[in-house]
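Data first, discussion second: the structure below is written as structure tokens.
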Amino acid sequence: MPTMNIIQAVNSALDSALATDPDVFVFGEDVGRFGGVFRATDGLQAKHGEDRVFDTPLSEAGIIGTAIGMAIYGLKPVPEIQFSDFIYPAFDQIVNEMAKFRYRSGGQYPCGVTVRTPFGGGIRGGHYHSQSPEAYFAHTAGLKVIVPSDPYTAKGLLLTAIDDPDPIIFLEPKRIYRAARAEVPEEPYKLPFAAAVDREGEHVTIVTYGAALHEAREAADLLAENDISAEIIDVRSLVPLDEETILASVRKTGRVVIVHEAARTCGYGAELAAIIAEKALLHLEAPILRVTGYDTPFPYTLEQQYLPDALKIFEACETTVDF
Amino acid sequence: MTPLSILSPSGAPKQGADPAWSIERVVALHRAMVRSRVLDRVVGDLQRRGLVSVFAPAQGHEAHIYGSLLALKDTDWIFADVRQGAAALYRGFPLESWLAQLLGTRSAAHRGHAHPTEFTAKPVNFVSVSSPVGTQIIHASGTAQGMKARGTDECALVWFGPAAGASGDCHVGLNFAGVYNVPAVFYFCSSGDPSADAARLGDAPFADRGEGYGIRAVRVDGSDVFAVYAAVADAVRKARDGQGPTLIEGLTGGPDGTVDPLARLEGYLASRGEDPAALRRAVDVAFEAEIRARVEELLAEGPPATGSIFEDVFATPSPQLHAQRVSLETHRRRFAGGVID
């Protein structure tokens, strides 16, 4: 089995979807000839043609609006928004059109668009190349929000997304695009939109997704050195949410630390904390804690202090265990 | 750019411009426009009775609508603004299905999810109307790009007004359509009030914008249904022929002032020896009675079931949606006399 990074895994998924399904179209800014600013679509235009893999004008509303027009026509567009920080010009098209087409037509016009977009910080990108906008989309009825955490989940979840009949915001953790490497099958495979127990443990549950998963693993190693056994849940699918995998872990450990890069207030962690409080209150031994980005714009110079890292997660887990 | 016109304001064909359609075809066109007028009137009445929250009448826009429809094939797709909902009926969408959506009753295909101007008529390729203004212009370009990619001879037509013409999505949609040379017809309907339009769009003819996008553009007298037909038919032929999009500026009210498209067509009918008033009477009373009868039947069927709120969010409801549905139904069983639908 070949070893791939996330970029290669995404490329492999798109390549396989384009090869097997004539309804799949891949497009965005610099996606065609150049192969994408992160090279995720490298070589796909040469292989599959300029009609299937193409460059677009710099207009996010145009990219998503075009994808909507294609999807209601029965095609499977996979547009790329170059950075999730630039998705907002398409916000109306995403929230009022893509997310609502199925609903307002009584199921007659499904809108199966898969919007791929890199998100998150840690690449010295400043506040316009580092944001984590998942909560906006998780809050919008009709959208599915999927976040892979490594090359294996990137390929399997992306192939599931492309065939899914609903619109999907597929957030790729760009900080670990190349850093995370894993064995990835050459052939196509699909992973369910469900959470996974990334590491089993006894004393505290860390619930996280995306690049922060790797910080959680490092934290779990540090905790182990201090005789604290942490279980890690990789959420993977924010909408729909696999509550049971999370709740089963909470019932086992009784302690929860939620980790994400996005700002804290009304972040996705708030929803997770509310669900856990509603459904597992009597299993909790300590307050639910969150390790998140701060309620500031994403800073440039001090981004490492903004980001949740292993030590912050370690500290929060220690606090909850000592409660 | 002089607007294309075929009929004079009185309805008599201009010298050498007689469309020379069979009288049956002209009478059928007249019937469609009269029905549209009746629908406007009856829906206005339903609004006053509080049965319809909002509606945008088609009055004054009938030439845009029916001139365009006559030039399209059934396989072509329509992206409408809020004013052209009745176009779905002309394409064969059943009146009772249309009225069910207008009223939001139980048999509405959209389950009462959308408000009265937001029609969906998929069987006749009439895409769900959206209240956010101008968004559909990009969708039309995207669908047309898909039609081109699939190698069909289909095209997409989008109607939009001055508010949409001022939107960012209008610029984006025209730009994308020009870049990809898609088989689409962008039909701008002016408001009929030139000073109001100038306040939104400036003084230059809207059609002038086509040149900047590399899109062929024409102006047409939008109360002259034959002129609209000729302009759209030419645009559609070019779209099917691989010559890409056309921007049409349809001038509502006509260049001579406030010429009513129906009155103008009736002037033409009179010039062909028909009695327009008699033709109108033959349609009007019977159609109003039919609408009112269907409305009463639909009101009797009541609103959609409570659980329908949760349908069509996703292809398959998520566990969270299912739980919310059970919660609402349980609540209503307790507090609404056991009624959940």
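The values are calculated or read from the model by the stated rules, or taken from the named source; none is laboratory data. Just so it is clear, the structure is predicted and the values come from calculations on it, not from any experiment. All Cβ positions, even for glycine, are placed from backbone atoms using ideal geometry, and neighbour counts span all protein chains on display.
Let me confirm something: among B:10, B:22, B:5, which residue is under 24 Å from residue B:270 (Cα atoms), surrounded by fewer than 15 Cβ atoms within 10 Å (Cβ to Cβ) and touching a residue at least 60 places away in the same chain (Cβ under 8 Å)? I'd like the intermediate steps shown before the answer.
Details: B:22 fails: touching a residue at least 60 places away in the same chain (Cβ under 8 Å); B:5 fails: surrounded by fewer than 15 Cβ atoms within 10 Å (Cβ to Cβ).
Answer to the selection: B:10.
Out of everything in the range A:253-266 that is farther than 22 Å from residue A:150 by Cβ and touching a strand residue (DSSP E or B) at 6+ places or on another chain (Cβ under 7 Å), what residue ends up being surrounded by the most Cβ atoms within 10 Å (Cβ to Cβ)?
First, pick out the residues of the range A:253-266 that are farther than 22 Å from residue A:150 by Cβ: A:253-256, A:263-266.
Now drop any that are not touching a strand residue (DSSP E or B) at 6+ places or on another chain (Cβ under 7 Å), which leaves A:253, A:255-256, A:263-264.
On the way: A:253: 21, A:255: 27, A:256: 31, A:263: 18, A:264: 14.
Step by step, filter the range A:253-266, then rank; the result is A:256.
Can you confirm whether the range A:46-53 contains a residue that is over 20 Å from the mean Cα position of the chain (by Cα) and buried (at least 24 other Cβ atoms within 10 Å of the Cβ)?
Looking through the range A:46-53, at least one residue is over 20 Å from the mean Cα position of the chain (by Cα) and buried (at least 24 other Cβ atoms within 10 Å of the Cβ).
Name the residue, out of A:275, A:246, A:313, that is of a type in the set (A, V, I, L, M), touching a residue at least 60 places away in the same chain (Cβ under 8 Å) and assigned to a helix (DSSP H, G or I).
Just a single option satisfies the conditions, and that option is A:313.
May I ask you to verify whether residue B:87 is within 11 Å of the chain's Cα centre (by Cα) and more than 14 Å from chain A (Cβ to nearest Cβ)?
yes
For the range A:214-228, indicate whether the set of residues that are outside any helix (DSSP H, G or I), of a type in the set (Gly, Ala, Ser) and either under 27 Å from residue B:317 (Cβ atoms) or over 12 Å from the mean Cα position of the chain (by Cα) (or both) is non-empty.
Looking through the range A:214-228, none of the residues is outside any helix (DSSP H, G or I), of a type in the set (Gly, Ala, Ser) and either under 27 Å from residue B:317 (Cβ atoms) or over 12 Å from the mean Cα position of the chain (by Cα) (or both).
Which condition number in (1) within 7 Å of chain A (Cβ to nearest Cβ); (2) in contact (Cβ under 8 Å) with a residue 12 or more places away in the chain is the one that residue B:149 fails?
Going through (1) within 7 Å of chain A (Cβ to nearest Cβ); (2) in contact (Cβ under 8 Å) with a residue 12 or more places away in the chain one by one, residue B:149 breaks only (2).
Considering only residues that are over 19 Å from the mean Cα position of the chain (by Cα) and over 15 Å from residue B:266 (Cα atoms), which ones fall in the range B:25-52?
Correct list: B:45, B:46, B:47, B:48, B:49, B:50, B:51.
Out of everything in the range B:142-181 that is of a type in the set (Gly, Ala, Ser) and under 20 Å from residue B:71 (Cβ atoms), what residue ends up being surrounded by the most Cβ atoms within 10 Å (Cβ to Cβ)?
At the first step, the residues of the range B:142-181 found to be of a type in the set (Gly, Ala, Ser) are B:142, B:144, B:146, B:149, B:151, B:156, B:161, B:163-168, B:173, B:177-178.
From what is left, the residues that are under 20 Å from residue B:71 (Cβ atoms) are B:144, B:156, B:161, B:177.
Numbers: B:144: 34, B:156: 31, B:161: 24, B:177: 32.
If we take residues in the range B:142-181 being of a type in the set (Gly, Ala, Ser) and under 20 Å from residue B:71 (Cβ atoms), then B:144 is surrounded by the most Cβ atoms within 10 Å (Cβ to Cβ).
Which pairs have Cβ atoms under 6 Å, sit 6 or more apart or on different chains, and link a residue in the range B:61-82 that is in contact (Cβ under 8 Å) with a residue 24 or more places away in the chain to one that is of a type in the set (Lys, Arg)?
Filtered contacts from the range B:61-82: B:61/B:83.
Yes or no: residue B:246 within 20 Å of residue B:82 (Cα to Cα) and surrounded by 14 or more Cβ atoms within 10 Å (Cβ to Cβ)?
no
For (1) at pLDDT below 95; (2) among the hydrophobic types (A, V, I, L, M, F, W, C), each residue gets a yes or a no:
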| residue | (1), (2) |
| --- | --- |
| B:174 | no, yes |
| B:177 | no, yes |
| B:185 | no, yes |
| B:194 | yes, no |
| B:208 | no, no |
| B:216 | no, no |
| B:220 | no, yes |
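From the list B:231, B:235, which residue is aliphatic (A, V, I, L, M), over 14 Å from residue B:7 (Cβ atoms) and in contact (Cβ under 8 Å) with a residue 12 or more places away in the chain?
Going through B:231, B:235 in turn, just one is aliphatic (A, V, I, L, M), over 14 Å from residue B:7 (Cβ atoms) and in contact (Cβ under 8 Å) with a residue 12 or more places away in the chain: B:235.
Filter the range B:259-275 down to the residues that are of a type in the set (D, E, K, R) and in a helix (DSSP H, G or I), then identify the one that is nearest to residue B:17 (Cα to Cα).
My answer is B:264.
Has the range B:114-125 got at least one residue that is touching a residue at least 40 places away in the same chain (Cβ under 8 Å), within 28 Å of residue B:244 (Cα to Cα) and more than 8 Å from every other protein chain (Cβ to nearest Cβ)?
yes
Quick one: would you say residue A:240 is under 18 Å from the mean Cα position of the chain (by Cα) and buried (at least 21 other Cβ atoms within 10 Å of the Cβ)?
It is false that residue A:240 is under 18 Å from the mean Cα position of the chain (by Cα) and buried (at least 21 other Cβ atoms within 10 Å of the Cβ).
So, restricting to strands (runs of 3 or more DSSP E) that lie completely within the range A:52-135, which ones have at least 3 residues that are more than 8 Å from chain B (Cβ to nearest Cβ), closer than 26 Å to residue A:21 by Cβ and β-branched (Val, Ile, Thr)? Show your work before the answer.
Values: elements: A:53-55, A:76-80, A:114-119.
In the range A:52-135, the matching strands (runs of 3 or more DSSP E) lie at A:114-119.
Please go through the range B:36-60 and pick out each residue that is in contact (Cβ under 8 Å) with a residue 12 or more places away in the chain, closer than 18 Å to residue B:103 by Cβ and of a type outside the set (A, V, I, L, M, F, W, C).
B:40, B:41, B:44, B:53, B:57 - these are the residues of the range B:36-60 that are in contact (Cβ under 8 Å) with a residue 12 or more places away in the chain, closer than 18 Å to residue B:103 by Cβ and of a type outside the set (A, V, I, L, M, F, W, C).
What's the number of the only condition in (1) farther than 22 Å from residue B:104 by Cβ; (2) within 14 Å of another protein chain (Cβ to nearest Cβ); (3) at pLDDT below 95 that residue B:305 fails to meet?
It is condition (1) that residue B:305 fails.
For residue A:287, all conditions in the list (1) in a loop (DSSP other than H, G, I, E, B); (2) at negative phi; (3) crowded, with 24+ Cβ neighbours inside 10 Å hold save one; what is the number of the exception?
(3)
I need every pair where a residue in the range A:18-47 that is in contact (Cβ under 8 Å) with a residue 12 or more places away in the chain has its Cβ under 6 Å from the Cβ of a residue that is in a loop (DSSP other than H, G, I, E, B) and among the aromatic types (Phe, Trp, Tyr), sequence separation at least 6 or different chains.
Listed pairs, sorted by first residue: A:38/A:177.
May I ask you to say which residue of A:188, A:167 is touching a Leu at 6+ places or on another chain (Cβ under 6 Å), farther than 28 Å from residue A:280 by Cβ, within 14 Å of chain B (Cβ to nearest Cβ) and at pLDDT 95 or above? Give the steps one after another, and end with the answer.
Details: A:188 fails: within 14 Å of chain B (Cβ to nearest Cβ).
So the residue among A:188, A:167 that is touching a Leu at 6+ places or on another chain (Cβ under 6 Å), farther than 28 Å from residue A:280 by Cβ, within 14 Å of chain B (Cβ to nearest Cβ) and at pLDDT 95 or above is A:167.
Which residues, counting only those in the range A:164-223, are among the charged types (D, E, K, R) and more than 28 Å from residue A:64 (Cβ to Cβ)?
Selection gives A:181, A:183, A:186, A:187, A:198, A:199, A:200, A:202, A:215, A:217, A:218, A:221.
Being farther than 22 Å from residue A:11 by Cα, buried (at least 24 other Cβ atoms within 10 Å of the Cβ), acidic (Asp, Glu) and free of Cβ contacts under 8 Å to residues at least 40 places away in the same chain is true for just one of A:134, A:97. Which residue is that? Spell out the reasoning first.
Values: A:134 fails: free of Cβ contacts under 8 Å to residues at least 40 places away in the same chain.
None of the other options fit; the residue is A:97.
The rows are residues; the columns are (1) surrounded by fewer than 15 Cβ atoms within 10 Å (Cβ to Cβ); (2) touching a strand residue (DSSP E or B) at 6+ places or on another chain (Cβ under 8 Å); (3) β-branched (Val, Ile, Thr); (4) assigned by TED's automatic domain parsing to the domain that holds residue B:89.
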site: B:200; (1), (2), (3), (4): yes, no, no, yes
site: B:211; (1), (2), (3), (4): yes, yes, no, yes
site: B:218; (1), (2), (3), (4): no, yes, yes, yes
site: B:234; (1), (2), (3), (4): no, yes, no, yes
site: B:275; (1), (2), (3), (4): yes, no, no, yes
site: B:278; (1), (2), (3), (4): yes, no, no, yes
